[in-house]
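Undergrad: Pasting a structure here, questions to come.
The values are calculated or read from the model by the stated rules, or taken from the named source; none is laboratory data. All figures in this text were calculated on a predicted structure; none of them were measured in a lab. When we count neighbours, we look across all protein chains shown, and the Cβ atoms used for this are built from the backbone with ideal geometry, even at glycine.
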Amino acid sequence: DQQVKQNSPSLSVQEGRISILNCDYTNSMFDYFLWYKKYPAEGPTFLISISSIKDKNEDGRFTVFLNKSAKHLSLHIVPSQPGDSAVYFCAASEDSGYALNFGKGTSLLVTP
Amino acid sequence: GAGVSQTPSNKVTEKGKYVELRCDPISGHTALYWYRQSLGQGPEFLIYFQGTGAADDSGLPNDRFFAVRPEGSVSTLKIQRTERGDSAVYLCASSPRGRADSLTDTQYFGPGTRLTVL
């Protein structure tokens, strides 16, 4: 059973605009959430994380929003750049250091 | 500094053979994780080491899979009697502390080993 769901397999955005990637989870025990970016033939690269005590975390162009009541999080990239084109994975765990549960990923394409 | 490294990058084997996959974590990281990623899926957890001990092996699919980390650094994932369904990318990750304390702890991934079982 997929506990972390990314319902959009792909997303296309123009350079300079906002990219919004969504993620839903079903396990109410999840307490720690992360986004990873993956290029072909490489391992996932950590992007940004958020713990359940917060509802927003920002790092440069990347912001993650967490809505615990809706069991939903989103990643905002502003402004989007062509180098952001990659597969983005949402991941969640019951606590920091525990096994990560991943979604299937969203392939983001940023066009010039 | 150096990131997580995995060898080999690609491994092709025949059904029924034994394979070993190696992971070198980031120096000083006490926690090490193995994941498996099948085509079109996200990574799936296999096993977690805190130091030398396997603290959580709940993700290992069956007893053909085994992993060790004898000195608390390098880890080897061992698969016996490989099956075609074992074909996947095997990812290793390490983190500074694991579950050792309550601070947020990020897992850093290696490039993976692509295993193909013919």
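Undergrad: Taking the condition part of a strand (DSSP E or B), touching a helix residue (DSSP H, G or I) at 6+ places or on another chain (Cβ under 8 Å) and either at pLDDT 95 or above or more than 14 Å from chain B (Cβ to nearest Cβ) (or both), does residue A:108 pass?
TA: yes
Residue-wise test of (1) assigned to a loop (DSSP other than H, G, I, E, B); (2) under 20 Å from residue B:113 (Cα atoms); (3) over 11 Å from the mean Cα position of the chain (by Cα).
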{"position": "B:17", "(1), (2), (3)": "yes, yes, yes"}
{"position": "B:26", "(1), (2), (3)": "yes, yes, yes"}
{"position": "B:35", "(1), (2), (3)": "no, yes, no"}
{"position": "B:41", "(1), (2), (3)": "yes, yes, yes"}
{"position": "B:45", "(1), (2), (3)": "no, yes, no"}
{"position": "B:48", "(1), (2), (3)": "no, yes, no"}
{"position": "B:54", "(1), (2), (3)": "no, no, yes"}
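Undergrad: Please indicate, with yes or no, whether at least one residue in the range A:73-80 is away from chain B (no Cβ under 11 Å), surrounded by fewer than 16 Cβ atoms within 10 Å (Cβ to Cβ), touching a residue at least 40 places away in the same chain (Cβ under 8 Å) and more than 27 Å from residue B:92 (Cα to Cα).
TA: yes
Undergrad: Of everything in the range A:27-58, what is in contact with a strand residue (DSSP E or B) (Cβ under 6 Å, 6 or more places away or on another chain), surrounded by 13 or more Cβ atoms within 10 Å (Cβ to Cβ) and within 19 Å of residue A:71 (Cα to Cα)? Give them in sequence order.
TA: A:30, A:32, A:33, A:34, A:35, A:36, A:48, A:49, A:50, A:51, A:57
Undergrad: Assess whether residue B:52 counts as being more than 14 Å from chain A (Cβ to nearest Cβ), over 27 Å from residue A:3 (Cα atoms), among the β-branched types (Val, Ile, Thr) and free of Cβ contacts under 8 Å to residues at least 24 places away in the same chain.
TA: Considered against the rule, which asks whether it is more than 14 Å from chain A (Cβ to nearest Cβ), over 27 Å from residue A:3 (Cα atoms), among the β-branched types (Val, Ile, Thr) and free of Cβ contacts under 8 Å to residues at least 24 places away in the same chain, residue B:52 comes out as yes.
Undergrad: Okay, moving on. Does at least one position in the range B:71-80 carry a residue that is free of Cβ contacts under 8 Å to residues at least 40 places away in the same chain, in contact with a Ser or Thr (Cβ under 9 Å, 6 or more places away or on another chain) and away from every other protein chain (no Cβ under 13 Å)?
TA: Within the range B:71-80, one or more residues are free of Cβ contacts under 8 Å to residues at least 40 places away in the same chain, in contact with a Ser or Thr (Cβ under 9 Å, 6 or more places away or on another chain) and away from every other protein chain (no Cβ under 13 Å).
Undergrad: To continue, here is another question. What is the residue count in the range B:1-15 for residues that are assigned to a loop (DSSP other than H, G, I, E, B), of a type in the set (Gly, Ala, Ser) and within 19 Å of residue B:97 (Cα to Cα)?
TA: Here the count works out to 3.
Undergrad: Does the range A:37-71 hold any residues that are farther than 29 Å from residue B:111 by Cα, away from chain B (no Cβ under 11 Å) and among the basic types (Lys, Arg), and which are they?
TA: Once the filter is applied, which keeps residues that are farther than 29 Å from residue B:111 by Cα, away from chain B (no Cβ under 11 Å) and among the basic types (Lys, Arg), the range A:37-71 yields A:56, A:68, A:71.
Undergrad: For the range A:30-105, list the strands (runs of 3 or more DSSP E) that sit wholly inside it and hold at least 3 residues that are over 29 Å from residue B:114 (Cα atoms); which are they?
TA: A:56-59, A:62-67, A:72-77
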